[in-house]
Amino acid sequence: MKKPNPETPVLTTQDGKPIAMQQALTAGPRGPVLLQDVELLEQMQHFNRERIPERVVHAKGSGAYGTFTVTNDVTRYTKAKFLEKVGKKTEVFARFSTVAGERGAADAERDVRGFALKFYTEEGNWDMVGNNTPVFFVRDPYKFAMFIHTQKRHPKTNMRSQEMQWDFWSMCPESLHQVTILFSDRGIPAGYRFMNGYGSHTYSLIHTQGERVWCKFHFKTLQGIQTFDDDEAARIVGQDRESHQRDLYQAIERGEFPQWRLLIQVMTQEQAAGFRWNPFDLTKVWPHAEFPLIEVGVMELNRNPENYFAEVEQSAFKPSALVPGVGPSPDKMLQARLMSYADAHLHRVGPNWQQLPVNRPRCPVANYVRDGALATAETYGSNPNYWPNSLAGAPQPDEQYKDSAWKLGEVIVDRFDSTVDHDDFTQAGNLFRIFDPAQRDRLAGRIAGALGQAGKEIQMRQLRHFFAADQEYGRRVAEKLGIDPSELAR
Ligand code: NDP
């Protein structure tokens, strides 16, 4: 074997050990192979683990990085930092996808397209997990998984089934609007660059003064809508299953960076109360004539990922990634998706999916979530892992980020303080008073034995609780700790 050029990197194991030869270690030239050929074992074992579970929906996708630039002042609607001034730029990652096909399916098929965006804002990631259609097939989350089953393979034949697809749609007339879009000319986009994206759901925008308006997001392609008719699509699928991936990837490599204009529709609470349709119904649009589009900015995609698996397959979006100034609405489908997307990533990528570079927020992250497979010391370090705590420098919530309360009919939706207006002491005191003197002594002794090992400040804070439950309870523990109760008054 020739010595490689000094410029060429030396092949190594995953542990970094240089590899001398890529030939199996054998007992004699004809084998058998020895179990001690750990370099071969490592390669074969890793190969067995190269795949993660395929997404149940939106399995086939393409992704790219880019930039979002604010072009219009919308601060009268939202306090979102990334929208605070015209000209402000935010890094984004986009993943487009078909819905029904598996990882190897053809791109140019009649299907809805996923339009998922991650804005790496200074106040956390905002994910806009939409489609290329402004509405959806169902409005009740109980029907979501059922609908997807009808788009996938028949349990017996393992083939797509018009019978089950149309059986479901004919049983669910709320699907007609989306069915009409799917079978319209826009049902087969000519590529991901040539379609619009819609948040579809109603979201809320929250202003600095706490005022909340309802909002819909629209991303309009600046490449113009282009579609394939059925014959063209059949021909393309026959020649190229990756036509959307190829188009997006090659356009970016050529420096033809695709752009979309972000526009919003806004509805006030009063307008929502009087609107002739439920404004939170995912099967309905808000007519443009009544709720005109308001320009917000332009998204440009300008960088292809270096590694498809790491950056596109493992990218993960969730409608629950919201930033201050952007919130959910009562839309039942959105409410269900707020849970289910995050849950899908925990299953598919693992509990630390947000630590992967493509998913990682670009702003500081500080919390008490801990450990799990593949946790890194960089993220958690030796920081405390519980809250509340009295440790200097430990992360604390900041009420300036609190969203205003929602008034839903007679009910107020808010984060109510569970520590006020509660009696935490009477029942603990009642129990203490049941104990005879010997039991009280043993209790105080055990508590002091444990509490005495904590810091003085913590001992004092806890002693106040014992006194609040029963004066004798406090006195006994203080005595065992060697603390003069008069110190508590200081
Ligand atoms: P408008 O006349 O104001 O809007 C019509 C819209 O239809 C256009 O702006 C375009 O939306 C969209 N459109 C055109 N061809 C197609 C197609 N083949 N498939 C899907 N959408 C298409 O009327 P309304 O606002 O009252 O909406 C009427 C219908 O238009 C709706 O029922 C809905 O199906 C569709 N639509 C409405 C949207 C909305 O938010 N109001 C958004 C998208 C579609 P765009 O400019 O976004 O491409």
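Values for this structure:
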read-out: Conditions (1) within 16 Å of the ligand (Cβ to nearest atom); (2) touching a strand residue (DSSP E or B) at 6+ places or on another chain (Cβ under 9 Å); (3) in contact (Cβ under 8 Å) with a residue 60 or more places away in the chain: number failed by TYR249; value: (1)
read-out: Number of positions in segment 134-153 that are within 16 Å of the ligand (Cβ to nearest atom) and either in a helix (DSSP H, G or I) or of a type in the set (Ser, Thr, Tyr) (or both); value: 0
read-out: Qualifying positions in segment 264-284 - within 15 Å of the ligand (Cβ to nearest atom) and loosely packed, with under 15 Cβ neighbours inside 10 Å; value: ARG276, TRP277
read-out: Cβ-Cβ under 6 Å pairs, at least 6 apart or on other chains, segment 160-180 side assigned to a helix (DSSP H, G or I), far side charged (D, E, K, R); value: GLU174/ARG139
read-out: Residue list for segment 401-441, restricted to those being touching a residue at least 12 places away in the same chain (Cβ under 8 Å) and closer than 21 Å to HIS465 by Cα; value: ASP424, PHE425, THR426, ALA428, GLY429, PHE432, ARG433, ARG440, ASP441
read-out: Given (1) touching a strand residue (DSSP E or B) at 6+ places or on another chain (Cβ under 6 Å); (2) away from the ligand (no atom under 13 Å from the Cβ), index of the condition GLY199 fails; value: (2)
read-out: Test: residue in segment 73-87 that is surrounded by fewer than 13 Cβ atoms within 10 Å (Cβ to Cβ) and touching a strand residue (DSSP E or B) at 6+ places or on another chain (Cβ under 9 Å); value: yes
read-out: Qualifying residue in segment 354-367 (condition: assigned to a loop (DSSP other than H, G, I, E, B) and farther than 24 Å from GLU91 by Cβ); value: no
read-out: Residue that is nearest to TYR77 (Cα to Cα), among those in segment 196-207 that are touching a Leu at 6+ places or on another chain (Cβ under 9 Å) and assigned to a loop (DSSP other than H, G, I, E, B); value: THR202
read-out: Condition check for LYS332: more than 16 Å from the ligand (Cβ to nearest atom), over 30 Å from GLN250 (Cα atoms), at pLDDT 95 or above and in contact with an Asp or Glu (Cβ under 9 Å, 6 or more places away or on another chain); value: yes
read-out: Pick from segment 305-356, criterion touching a Pro at 6+ places or on another chain (Cβ under 9 Å) and among the hydroxyl-bearing types (Ser, Thr, Tyr), ranking: nearest to PRO141 (Cα to Cα); value: SER340
read-out: Residue that is farthest from the ligand (Cβ to nearest atom) [pool: residues in segment 205-227 that are out of contact with any helix residue (DSSP H, G or I) (no Cβ under 8 Å at 6 or more places or on another chain) and within 21 Å of MET299 (Cα to Cα)]; value: LEU205
read-out: Selection from segment 181-195 of residues that are among the aromatic types (Phe, Trp, Tyr), assigned to a helix (DSSP H, G or I) and out of contact with any strand residue (DSSP E or B) (no Cβ under 7 Å at 6 or more places or on another chain); value: none
read-out: Number of positions in segment 1-37 that are under 25 Å from PHE47 (Cα atoms) and of a type in the set (D, E, K, R); value: 4
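The values are calculated or read from the model by the stated rules, or taken from the named source; none is laboratory data. Owing to the predicted nature of the structure, the values given are computational and were not obtained by experimental measurement. Note that we place each Cβ from the backbone using ideal geometry, even for glycine, and neighbour counts take in every protein chain shown.
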